[in-house]
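Asker: The structure under discussion is supplied below as C-alpha cells; questions concerning it will follow.
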Amino acid sequence: MTAEPPVLAVPEAKKERYQSLRAKFREHFHDDPAFYARAPGRVNLIGEHIDYCGYSVLPMAIEQDIVMAVLPDNSGAISLVNSDHQYDEFVGDVKTIQITKDEPHWYKYVLCGIQGVKEQFCSSETKGFKALVEGTIPRSAGLSSSSALVCCAALAMLKANGWTMTKELLSEVCAKCERYIGTEGGGMDQAISFTAKAGKAKLIDFNPLRTTDVQLPLNAAFVVCNSLAEMNKAATPHFNIRVVECRIAAQILAQSQDDIKWREIKRLGELQLRLGVSLDEMLELVSSKLHIEPYSKEEVCKILDVSPEELAETSLSANTRNVENFYLHQRASHVYGEAKRVLQFKVICDDQPADALEKLGELMNASHASCRDLYECSHPDLDILVETCRKHGAVGSRMTGAGWGGCTVSLVRTESTVPLLAGVRDDYYKPNPAKMAKAKEALFATIPAGGAAYYVFE
Ligand code: ADP
Ligand code: NG1
Ligand code: MG
C-alpha cells in the first residue's frame, strides 16, 4: 500500500453530478474547476472505540462521499463554498490558518486537512485554492462525514500545490490533523477513506498502519439505518471522556505491575504489548485490578500519586479537565472484548464456514451489547433500531461509529435485504412524519465502495 491516490476519469454514471458541481462552481467563482477530489465515508462493521487504544478495526467505505470541485489559487487564498447553503462561505489565507477548538464550524474540518498537508511541505510559496464542497454522507451519524471532509481537503491541497503523498502517509497525516478540531480520535476513518477497495472490507492495524483486504461472505449484505439522532463529536466532551477513561484505565493497570512505569503508557493496547499476554489475560487483569464502581478523580490521583494538576498533564485533555468520575472497569472490558471480536470476525471471513453469517451476526450483536452496557455510547433510538432490524431478518445488528446517536449497521442474507428495508421503514420511520421524510437517505443497503481519488473530465 504505497500508491498515491489515483487520478480517474469521471465515470459515466457520475457525470451528471460532476457537471452540476462544475456549474455551481462557475456560478460562484466565475471560472472552471481544474479537478475534483473525492473521499468516501465509511461504515464500521466491527471494532468500535478501539482504534485510539491501538487495536485493529474492520470497516468498509460507502458510496456516499465528499466531493470538492477545486481550482488552485496562487495568491494563497482559501475560498470555500458549500452546495448546502446552511453552511456559511469561508475565506482565509493558507499562511495564517488558525483552528480553534471552540465551535466546530464545518470549514474547520477543511482547514484541518489543509494544515496537515501544509505541515509536510515547508514551502514559502504555498498555494491556496477555491473549492465548491458537496457532501452526501449523513452528518454527525457515525459514517465519518467529518473525516471524509478532512481527507478530501487534504487531497485538494496536495494537488493544488503539485505535491504528492502515499495513501498511507495521507491516512496518518489526516488522522493527526483532524485532532486539531479537538477530538482525540484514532485513525480508522482516514485510513479506510484513502485505502478502500471496491468489493472489500478492510482490517486496519495501527502502529504501524497496515490494511488487509477482507472478503465478506458472498451471501452477506449490509443495511445502514440512521436513527436521525445527531451527535457532533467535537461539540460535546463524550468522545474525549471515553478516550481519557481508557488512558487512565491503562495507567492504573500499569501501576499495578512492578516492572512498568505508568507514565510511559497512554493506551490499553500499549499495555498489552508491554505485558506480552493475550486479550483474555488482559480481560482477567481488568477483572482482578479494576473495581466496578466508578473511580473518583481523587482516587485516581491517589493511586497514581499525582496532584489533579499533574493528572491533567499526564492523562486528560482540554475538554475533560473537569470530569470527576471515571468508569475504568467497564471501558477497559469493552476495549479488550471488542478487540477480540474483531480478530474473530476476520478469522470467520477468512475461513468462511457454512454458518459464517450466524457467527458474524453473533459477534455484531455482542459488540452492540458491549457498546450499550459497558461503553455507554449507544442511544435509546439505536437500541430500538437494532431490535427492529433483528425482528425483520438481520442476523446481526449493532450501532456503528462513535454513537450517542447516528446509525446502525445490520448483517443480512442478500435475499432478505428488501424485506428488511421495508420492515424497518414501516416500524421505525413511518410512524414519525419527520423521520419518514428523511427515510430515503437514512435507510440503505450498502456494498464496499472504493477509496479516495481525483477525478477529471476526459
Ligand atoms: P461524523 O463524522 O460521524 O459524521 P462528526 O461529528 O465527527 O460526525 O462530524 C460532523 C461534522 O462534519 C458536521 O457537524 C459538519 O461540521 C462536518 N460536515 C460533514 N459533512 C459536511 C458537509 N457535507 N458539509 C459541511 N460540513 C460537513
Ligand atoms: P465518527 O463516529 O465517524 O466520528 C469516531 C472516530 C474514530 C473511531 C470511532 C469509534 C474520529 C475522526 N473518528 O468516528 O476514530 O474512534 O469514532 O469507533 O475521531
Ligand atoms: Mg467524525
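Asker: With (1) of a type outside the set (A, V, I, L, M, F, W, C); (2) buried (at least 24 other Cβ atoms within 10 Å of the Cβ); (3) touching a Gly at 6+ places or on another chain (Cβ under 9 Å) as the list, and Thr417 as the residue in question, which single condition is left unmet?
Answerer: Failing condition for Thr417: (2).
Asker: Here's a check for you: in region 40-66, which residue that is within 15 Å of ligand 1 (Cβ to nearest atom) and part of a loop (DSSP other than H, G, I, E, B) is farthest from Val223 (Cα to Cα)? Walk me through it before giving the result.
Answerer: First pass over region 40-66, keeping only residues within 15 Å of ligand 1 (Cβ to nearest atom): 40-44, 48-49, 51-52, 57, 59, 61-66.
Pick out the ones that are also part of a loop (DSSP other than H, G, I, E, B) and you get 48-49.
Values: Glu48: 17, His49: 21 Å.
Applying the filter and picking the extreme gives His49.
Asker: Which pairs do you get when a residue that is under 14 Å from Glu245 (Cα atoms), found in region 271-298, comes within reach of a residue that is β-branched (Val, Ile, Thr) and assigned to a loop (DSSP other than H, G, I, E, B), reach meaning Cβ atoms under 9 angstrom, with the pair 6+ apart or on two chains?
Answerer: Close Cβ pairs satisfying both conditions: Lys297/Val323.
Asker: For the list (1) away from ligand 2 (no atom under 14 Å from the Cβ); (2) surrounded by fewer than 24 Cβ atoms within 10 Å (Cβ to Cβ); (3) not in a helix (DSSP H, G or I), I need the number of the one condition that Leu132 fails.
Answerer: (2)
Asker: Residue pairs, Cβ under 6 Å, 6 or more apart or interchain, first in region 362-377 and outside any helix (DSSP H, G or I), second surrounded by 18 or more Cβ atoms within 10 Å (Cβ to Cβ). List them.
Answerer: Leu374/Gln330; Leu374/Ser333; Leu374/His334; Tyr375/His49; Tyr375/His334; Cys377/Cys371; Cys377/Gly403; Cys377/Trp404
Asker: Between a residue in region 1-19 that is under 20 Å from Leu158 (Cα atoms) and any residue that is exposed (fewer than 14 other Cβ atoms within 10 Å of the Cβ), which pairs come within a Cβ distance under 6 Å, given they are 6 or more apart or on different chains?
Answerer: Once the first residue is under 20 Å from Leu158 (Cα atoms) and sits in region 1-19, its partners that are exposed (fewer than 14 other Cβ atoms within 10 Å of the Cβ) give Glu4/Thr164; Ala9/Glu458; Val10/Phe457.
Asker: So which residues in region 90-123 are among the aromatic types (Phe, Trp, Tyr) and over 23 Å from the mean Cα position of the chain (by Cα)? Spell out how you get there, then give the answer.
Answerer: Taking region 90-123 first, the residues among the aromatic types (Phe, Trp, Tyr) are 90, 106-107, 109, 121.
Within region 90-123, Phe90, Phe121 qualify.
Asker: Related question: Within the bounds of region 79-96, is there any residue that is in contact (Cβ under 8 Å) with a residue 60 or more places away in the chain and within 16 Å of ligand 3 (Cβ to nearest atom)?
Answerer: Scanning region 79-96, I find no residue that is in contact (Cβ under 8 Å) with a residue 60 or more places away in the chain and within 16 Å of ligand 3 (Cβ to nearest atom), so the answer is no.
Asker: What is the one condition in (1) in contact with an Asp or Glu (Cβ under 9 Å, 6 or more places away or on another chain); (2) surrounded by fewer than 24 Cβ atoms within 10 Å (Cβ to Cβ) that Ala191 does not satisfy?
Answerer: In the conditions (1) in contact with an Asp or Glu (Cβ under 9 Å, 6 or more places away or on another chain); (2) surrounded by fewer than 24 Cβ atoms within 10 Å (Cβ to Cβ), Ala191 misses (2) alone.
Every number here is computed from the coordinates shown, using simple stated rules; none is lab data. Predicted, not measured: the structure shown is a model, and the values here were computed from it. Backbone-built Cβ (ideal geometry, glycine too); neighbour counts: all protein chains shown.
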